[in-house]
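In what follows, a structure is listed as structure tokens, so that the remarks can point back to it.
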Amino acid sequence: MDVAAQAGLILLIGILVCLIIGVPISVSVGLASLLAMFTIVDFDNGLLTSAQQLFTGINSFSLLAIPFFVLAGVIMNNGGIAMRLIHCAQILSGRMPGSLAHTNILANMLFGSISGSAVASAAAVGSTMGEMQAKEGYKREFSAAVNVASAPAGMIIPPSNIMIVYSLASGGTSIAALFLAGYLPGILWGLGCIIVALIIAKKRKYKSQLQLSWKQRILIVLDAIPSLLLIVIVIGGIIAGIFTATEGAALAVIYSLLLSFIYKAIKIKDLPGILMDATRTTSVVVFLIGVSSIMAWVMSFTNIPGLIADLLLSISDNIIVLLLIMNIILLIVGTFMDPTPAILIFTPIFLPIATGMGVDPIHFGIMIVINLSIGTITPPVGPVLLVGVRVAKLRLESVIKPLVPFFLVAIAVLLLVTYVPSISMLIPELLDLVN
């Protein structure tokens with residue numbers, strides 16, 4: 001066995017063994033990559049190369065957008081913004097059957113499109129909507145399933161942290177184009193959830209009990225406008241080229257903080273705790289990106305992406321079959337791996353195959369994001385599923401059955417986006433953001 005094959009084998013086995021014994025994914029990737037590095041170069045040069053790759057991986061101006069968006073999300077979660085978006089969504093859902101379920105879905109889409117975090121949406125919106133739905137006679141398991149299923153729409157509708165990670169992993173795919181490409185698929189995901197919720201609500205005769213005058217409705221919408229403007233300012237500024245994604249993320253922090261102070265939902269004494277929460281999340285993501293750079297170097301040296309490409313192409317050279325195989329692999333991976341490491345690991349492997357078959361990197365990026373968004377609501381490790389269940393104070397098993405129809409809709413959206421590229425490419429092409 002040559003050196004390259006040994007390094008690749010050590011990398012693969014090392015990650016699997018570490019994950020099996022419960023080592024955190026970032027540490028697993030780092031340790032396995034370091035061990036594989038030592039089979040390629042000597043100990044001293046291995047440490048030096050690893051340190052260089054670790055620094056290079058996180059030495060990116062674009063990467064600064066992630067901690068800023070994370071911080072903005074934490075501020076929104078604590079700053080009274082979520083409740084205003086919920087009330088606005090309640091007005092939009094009207095009095096149709098299951099209106100509170102639709103409110104939950106719309107609120108998750110709105111909150112996710114501002115915070116960029118599905119987990120934050122599931123926690124902030126679910127903690128409020130669950131009780132509201134229980135008071136109107138909704139089954140808690142159904143309410144939890146609605147909250148869990150709709151929260152990942154916030155990972156697809158921009159701004160999205162994992163789209164920024166994909167941009168880095170893919171070698172610089174336009175973040176603005178990726179953001180725009182996520183709108184229609186994200187809205188499709190949300191509409192799919194609304195259709196499922198509407199069918200179930202009609203069957204169970206969940207009726208709206210909302211009694212508000214037109215004056216009250218107008219006041220609620222006006223109260224939510226400052227929060228909704230954040231989407232227009234940040235995404236509009238990025239697309240128009242007024243500022244970069246990183247600068248837009250920093251602006252989101254300032255804007256959300258000012259709003260929270262105006263709403264008197266956050267005090268100066270709360271800031272250390274908010275900063276600490278954001279730091280914990282950011283540190284894990286940034287460290288993972290750094291160690292993944294070491295892994296990428298090892299994979300490049302050992303030609304692992306090329307070997308996997310040859311294997312897939314030996315099965316079929318039909319683009320429909322290859323994309324289906326990639327989807328299946330990513331869906332399986334998403335059940336036990338968070339989106340960030342999965343993107344960092346599989347983008348360098350699958351993207352060259354996809355682009356070689358004529359798939360645009362923007363289209364492929366949305367495809368991989370939807371795949372891994374489904375993984376966040378799939379047991380056993382789905383983080384959105386676990387948070388949604390905890391917020392609802394239910395057992396995991398009780399939510400799985402009512403979640404199945406929503407899961408099938410998510411798969412349908414994935415297949416549509418995979419095989420109808422215009423769904424994701426339409427808006428970027430209209431705005432001339434596609435090369």
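Readers should treat all values here as calculations from the given coordinates under stated rules, not as data from a laboratory. Values in this document were obtained by computation on a predicted structure and should not be read as measured data. Don't worry about glycine lacking a Cβ; one is built from the backbone with ideal geometry, like all the others, and counts go over all protein chains shown.
Quick check of the Kirkwood formula: for region 295-435, what is the inverse mean of 1/r over all pairs of different Cα atoms, in Å?
16.4
Distance between the C-alpha centers of region 226-254 and region 397-435? Whole Å please.
Each part reduced to its Cα centre gives a spacing of 25 Å.
Any lysines with Cα under 29 Å of the Lys203 Cα? List them, leaving off those in the same chain fewer than 8 positions away.
Lys135, Lys139, Lys393, Lys401
Counting Lys and Arg as +1 and Asp and Glu as -1, each charge on the Cβ, what is the dipole of the chain about the Cα centre in debye, to the nearest 20?
That gives a dipole near 2380 debye.
Apply the Karplus parameterisation 6.51 cos²θ - 1.76 cosθ + 1.60, with θ equal to phi minus 60°, to every residue of region 32-40 and state each ³J(HN,Hα) to the nearest whole Hz, in sequence, with x for glycine and proline.
Values per residue, Gly and Pro as x: 5, 5, 5, 5, 5, 4, 5, 7, 8 Hz.
Could you give the distance between the Cα centres of region 63-109 and region 129-144, to the whole Å?
Cα centroid of region 63-109 versus Cα centroid of region 129-144: 17 Å apart.
Work out how much length Leu222 to Gln52 would gain on full extension: take 0.36 nm times their residue separation and subtract the Cα-Cα distance, in nm to one decimal.
Working: separation 170, 0.36 × 170 = 61.20 nm, distance 5.11 nm.
Result: 56.1 nm gained on full extension.
Looking only at Leu110, Leu48, Leu323, which one moves most when the chain is put into a Gaussian network model with springs between Cα atoms under 10 Å?
Leu48
What's the exposure ranking of Trp214, Trp189, Trp297, going from fewest to most Cβ atoms within 10 Å?
Working: Trp214 7, Trp189 31, Trp297 20.
The most exposed by this proxy come first: Trp214, Trp297, Trp189.
Gaussian network model of the chain, Cα springs within a sub-10 Å range: biggest mean-square fluctuation belongs to which of Val359, Val420, Val286?
Val420
Of Leu12, Leu188, Leu257, which has the largest mean-square fluctuation in a 10 Å C-alpha GNM of the chain?
Checking each option, the largest mean-square fluctuation is seen for Leu12.
Ranked by Cβ crowding within 10 angstrom, fewest neighbours first, how are Phe43, Phe336 ordered? Intermediate values should be presented prior to the final figure.
Numbers: Phe43 9, Phe336 15.
The order, fewest Cβ neighbours first, is Phe43, Phe336.
Just want the answer: with Cβ charges of +1 for Lys and Arg and -1 for Asp and Glu, which residue in Val286, Asn108, Val413 is farthest toward the dipole's positive end in the chain?
Highest projection toward the positive end goes to Asn108.
Can you put Tyr263, Tyr166, Tyr419, Tyr138 in order of Cβ neighbours within 10 angstrom, beginning with the fewest?
The fewest-first ordering by Cβ neighbours comes to Tyr419, Tyr263, Tyr138, Tyr166.
Just to be sure I understand: if I project the alpha-carbon convex hull of the chain onto a plane and average over all orientations, what area do I get in nm²?
Answer in nm², one decimal: 21.8.
Show me the three semi-axes of the equivalent ellipsoid for region 396-435, from the C-alpha gyration tensor (sqrt of 5 times each eigenvalue), largest first, rounded to whole Å.
After diagonalising the Cα gyration tensor, the semi-axes are 33, 10, 6 Å.
In whole Hz and in residue order, list the ³J(HN,Hα) couplings for region 349-364 that follow from phi through the Karplus curve 6.51 cos²θ - 1.76 cosθ + 1.60, θ = phi - 60°; x for Gly and Pro.
7, 8, 4, x, 5, 5, 5, x, 9, x, 7, 5, x, 5, 4, 5
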